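Beneath this line is the structure, given in C-alpha cells, with notes to follow.
The values are calculated or read from the model by the stated rules, or taken from the named source; none is laboratory data. Bear in mind that the values here come from a model prediction, so they are computed numbers and not experimental data. Ideal geometry is used to build each Cβ from the backbone, glycine not excepted, and the neighbour counts take in all protein chains shown.
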Amino acid sequence: MKKINIPAIFICLLAAFGLLSTTVPGTAAADDINFEVSVESNIIYLGRGSQLNLSFQGARDIPRPELPGIDGFQAQYIGPSTRMSIVNGKMSSSVTHVYSLIPLKAGKFKIGPFSFEYKGDTYKSNAVTVEVMDRSANAGSRAQGRQKTQTDLKDRVFLVMEAGKSTAYVNEIVPLTIKLYVNSLRMRDIQYPEFAHDGFSAGEFGEPRQYREYKDGINYNVVEFSVRIFGMRPGDFTIGPAKLKGNITVKRQRSLFDDAFGHDSLSGFLGAYEVSPIEPASGKSRLKILPFPDKGAPDDFKGAVGDFSFSMDVSPKEVKAGDPVTLKMIISGEGNFDTVNSPTLKQHEGFKVYEPQAKQEGSRKVFERILIPLSDDIKEIPGVAFSFFNPAKGEYRTISKKNVAIKVTKPEKQENITIMEAPLSALKRSGRERFGRDIIYIKESPGKFKKRGEYLYNNTAFLLLQAVPLLIFVSVLAMQKRKEKLRTDIRYARRLSAPKKAKKGIREAQQYLNNSSPPEFYSSVFKTIREYLGDRFHLPAAGITADVVDNALKTKGISEDMLNRLRDIFKECDMARYAPSEFGKTEMEATFNKLKEVMDYLERQKS
C-alpha cells in the first residue's frame, strides 16, 4: 500500500493558494498557551507500550519538559512534533512532545497534572487516568485455577542471586549463581551481571546456561550465570545486589491511525515494537568468612585451601656435578588453586636452587624447579612438604615426600685454556744497506716548479665535499619517509616505541622493588607488560589479560616456557592486588626477573 503524507499535502495546497504565510508569528503570551496531556489509549496491557503526548497549543518554541517519575510506568522521550493550522484566515501553531510509556505493573494510575516553567511563565496541565491490565495472567489463571496472577513487571523479569554456602573459610571457594527469570516478555541485548563483592576475589563468569524452570506454578525462561568467589579476610560480609542490563521489546498499542490507514503503514513508519532498557536487581546475600584455626597450623602453610594430593618426580637421577636436575611437583584435587604455591624444600645445602615455574592444567597445578648439585658429595635430593587446609574437615594436612637418591659424579677434567702471545722480535735488516736509502742528497737542479692544488678536481677533499648536499638530501628524504610511515602505519609505530616504553616501565618497577613496595611494584609490572604486549603485537592494551596469552599469543611462535612465564606474571600481579602482604622481596625479585627475561626474549624474536 502506498503511503500518503496528508499533513505535507495539506501544507503544500495552502502554500499553492497563497493561504500560508512564510513569516513566523511572534511568541504567544502565556495566557494564550494551553498545556494539555493525553494518552494514546486509556487501557494498556502489560507487555505492550503506549504513547504519552504533552501538547502546547499556541506556541512552537517550547522545549521538552522534564517529567517527574510516573508511578507504574517507565517514560522514554521520543521527540517533538509541530503543527500549524489556519481557521477563518487565522493561523495557529502547536508543539507536542511525545513520550513512550512502558507499563511496569497492573492497576489504575493517574498521570499528571504536570507543572512546567519556561521563561518566567508557568504552565499547568490536566490529568489523565490509565488502567493497566494483565491479559496473559488472566488467561493463564483461567487455564490453571491456582496459578499466581502476575500484576507487576518485576514478576515477569527478575534476578536471583544464590551463594553455594553461607559460611566459609578464608580462601575457600564459594560457587555463586545469578539467574535471570523472564516470563511472557521479549528480552535481548543481555549483558553479564555485575555485583558488589567487597572483601572477596571473583573469577570470570563462565558460559551462561539457558533452560526453562517452573517457579510458583509459572514457566520461566532462565539464563544462569556462574562464578567462583573466595573471601580474602575473615568477617561478616554482604554480597550484592547483583544487577544486569538488557532491553525489553514491547508491542505498540494500536491507534485510530492503524484502522484508518492500515496497520502495516504505521508499522513501517514507526515500527511495530519499541525497545526499552531495563536493569533488574537481585537481593543481597550474607556470607560469614572464618579465619584459619591457630591450632595445628604448619610452619610452611601458605594459604592453600581445598582437598589436594601431592606427587613428586625427579629426573635425571644420574648427573655430573654442575648439571641441572628437574624436580617436578604436582598438586591435584579440588580447591582454590589460586592460593596454591610451590611446596617447600626441607633443606637445599649443596645445591644451586632456582625459582619454580608453575603451570595450571585443569584440576591440577604443576611446579618445576631446577636444582644444580655443586659437588659429587651430593647423594640425594632433599625431601619436599606441602601443607594445606581442608575446609570440609576443618583441619590442616601436610603431605611430605622423602629424600630421593641420586648419583652425582665428578665432571670430566677440562684442559686449562692457555693464551698464547706472539713474541715481539726486532726486525733486523740483513744484507748490505742500499746507498741513498736513508740519506737524501742535495739536488743539483731544482727541477720544474709546479703549484700544488692548482686543479680542484684533483683535490680529494673538494670532491668529497660535493657529496654532502646529496647525502643531506637522501637523509632528509629517509627521515620524511620514516615520519610518514610512523604517521600512517600504526602497527610499525607501536612496535618501534615498545622497547623504549618497556625500559621506562622496568626502571620504575626497579625503584619500587628497591623500596620494597609490593602494591606499587606489581601495579607497575602489570602496566608495563600489558602495554608492551599491546605495542609489540598491535593489540588493544586495555583488554590484555592472562587470557590473551592463550588466545592470541600462542600463534606468534613464542616458546611454551615464555608463555608460562607470561601467565605467571599476570597471575602474580592479580594475586598481589588482593593479598599484597603475601608477597615479599624474594617474590618481587622473581617476578621482576621473569619480566626482563620475557621482554628480552620477545625483542630478540623476529617480528
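General remarks:
- Within region 184-201, residues that are in the same structural domain as Tyr45 (by TED's automatic domain parsing) reach no partner that is of a type in the set (A, V, I, L, M) and part of a strand (DSSP E or B) with beta carbons closer than 7 Å at six or more positions or on different chains.
- Among residues of region 339-355 that are under 20 Å from Asn593 (Cβ atoms), those with a beta-carbon under 9 Å from a residue that is part of a loop (DSSP other than H, G, I, E, B) and among the acidic types (Asp, Glu) at least six positions away or on a different chain give the pairs Ser342/Glu355.
- Tabulated pairs, region 117-131, first within 19 Å of Ile70 (Cα to Cα) and touching a residue at least 24 places away in the same chain (Cβ under 8 Å), second surrounded by 15 or more Cβ atoms within 10 Å (Cβ to Cβ) and among the charged types (D, E, K, R), C-beta under 7 angstrom, 6+ apart or interchain: Ser125/Glu36; Asn126/Glu36
- Region 77-96, residues that are surrounded by 16 or more Cβ atoms within 10 Å (Cβ to Cβ) and modelled with pLDDT of 80 or more: Ser93, Ser94, Val95, Thr96
- Qualifying residue in region 360-375 (condition: surrounded by fewer than 15 Cβ atoms within 10 Å (Cβ to Cβ) and assigned to a strand (DSSP E or B)): no
- Scanning region 521-567 for residues that are among the β-branched types (Val, Ile, Thr) and closer than 13 Å to Leu602 by Cα, we see that the one that is surrounded by the most Cβ atoms within 10 Å (Cβ to Cβ) is Ile529.
- Within region 193-215, the set of residues being within 18 Å of Val182 (Cβ to Cβ) and hydroxyl-bearing (Ser, Thr, Tyr) comprises Tyr211, Tyr214.
Results for (1) at pLDDT below 85; (2) in a loop (DSSP other than H, G, I, E, B), shown as yes or no for each residue.
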{"residue": "Lys110", "(1), (2)": "no, no"}
{"residue": "Tyr123", "(1), (2)": "no, no"}
{"residue": "Ala137", "(1), (2)": "yes, no"}
{"residue": "Arg146", "(1), (2)": "yes, yes"}
{"residue": "Glu162", "(1), (2)": "no, no"}
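- If you go through region 356-395 and keep only what is touching a residue at least 60 places away in the same chain (Cβ under 8 Å) and β-branched (Val, Ile, Thr), you end up with Ile381, Val384.
- Residue within region 579-590 that is under 20 Å from the mean Cα position of the chain (by Cα) and not hydroxyl-bearing (Ser, Thr, Tyr) present: no
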